[in-house]
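As structure tokens, the structure follows; a few thoughts come after it.
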Amino acid sequence: MTDHSINNVVDLFTGEPIETSADRRFIRLSPELDGLEMLYSNNSSGTDFYSLKVLCWGLKANGEVVGLVPWLNSIVACPDIKDPLDGRFEGYYDPGIEEIFHHPPIHKVVELETAAEYFEFESSKAEEVLQEIPDTIGTHAVFMDEDRENLTLIEVISWRLHADGVIHGMLIDHDIVETTPVLPGDHCLYPAQESVGFRYFFQHHIANKIKSEDPEALAAIAALVTAP
């Protein structure tokens, strides 16, 4: 019998194996707790780099480990940020020792691989929750009403990884809160990305500028949320 495994199929031009979306899905997350950051640039930054705090590190089914950040309207693998206008990934950064590096820390790779082996679990249900981690970087979800007149910022409590590799930012539905504090996994949490009016994720320093009605921040956000 001929073996038609996808691992035996290669790209005609590169000669590299073609991976399926299942190979690239995330299977395990590890929160970033030491303040490591992602560096990025864009066409207007010149030689300067901007930074965002890394939310967590993710292990894909193919064994690849990458940093993850809330970026625009989703959570994105840092190396996948390649848009010249919105931003290009330039590396990871340790502000404590002012070091730039381009590969995930080995201790996070070992942690993820060991945890994935220990908690090995296969699910046939795409929506089943594999893991949920707390948000540790002050992420907020930005919503806009139907008339595009009012902005609402809601704090992200946690990030929920599903069996199909999709990661949702989870928000509190205050109408059904039974106990406090609300912790990851609580039944009153709902996914931001699937909610009406959701537009973007922002880390706490931008969210705080919006809350304080900083003119430059408000102008920038208005340009983003009113874009078609």
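The values are calculated or read from the model by the stated rules, or taken from the named source; none is laboratory data. Predicted model only: the values in this text are computed from it and were never measured. Here Cβ is always computed from backbone atoms with ideal geometry, including for glycine, and neighbour counts include all displayed protein chains. Side chains included, ligands, DNA and RNA excluded: accessible areas come from the protein's heavy atoms. Shrake-Rupley method; radii C 1.70, N 1.55, O 1.52, S 1.80 Å.
Identify, by number, the condition in (1) closer than 18 Å to PHE201 by Cα; (2) within 18 Å of the chain's Cα centre (by Cα) that LEU85 doesn't meet.
(2)
Could you grab me the full set of residues in segment 17-26 that are in a loop (DSSP other than H, G, I, E, B), open to solvent by less than 50 Å² (accessible area, probe 1.4 Å) and either under 23 Å from HIS205 (Cα atoms) or of a type in the set (A, V, I, L, M) (or both)?
Scanning segment 17-26 gives no hits.
Residue by residue, here is whether (1) surrounded by 22 or more Cβ atoms within 10 Å (Cβ to Cβ); (2) of a type in the set (A, V, I, L, M, F, W, C); (3) not in a helix (DSSP H, G or I) holds:
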| site | (1), (2), (3) |
| --- | --- |
| ARG28 | yes, no, yes |
| LEU33 | no, yes, yes |
| MET38 | yes, yes, yes |
| SER45 | no, no, yes |
| ASN62 | no, no, yes |
| GLY91 | no, no, yes |
| ILE100 | no, yes, yes |
| HIS103 | no, no, yes |
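Filter segment 64-89 down to residues that are not in a strand (DSSP E or B) and not hydrophobic (A, V, I, L, M, F, W, C) and give me whichever is nearest to TYR118 (Cα to Cα).
GLU64
Out of segment 173-193, which residues are surrounded by 10 or more Cβ atoms within 10 Å (Cβ to Cβ) and either in a helix (DSSP H, G or I) or out of contact with any Cys (no Cβ under 8 Å at 6 or more places or on another chain) (or both)?
Within segment 173-193, ILE176, LEU183, PRO184, GLY185, ASP186, HIS187, CYS188, LEU189, TYR190, PRO191, ALA192, GLN193 meet the criteria.
All but one of (1) of a type in the set (Asp, Glu); (2) closer than 15 Å to VAL69 by Cβ; (3) open to solvent by 90 Å² or more (accessible area, probe 1.4 Å) hold for ASP86; state the number of the condition that does not hold.
It fails just one condition, (3).
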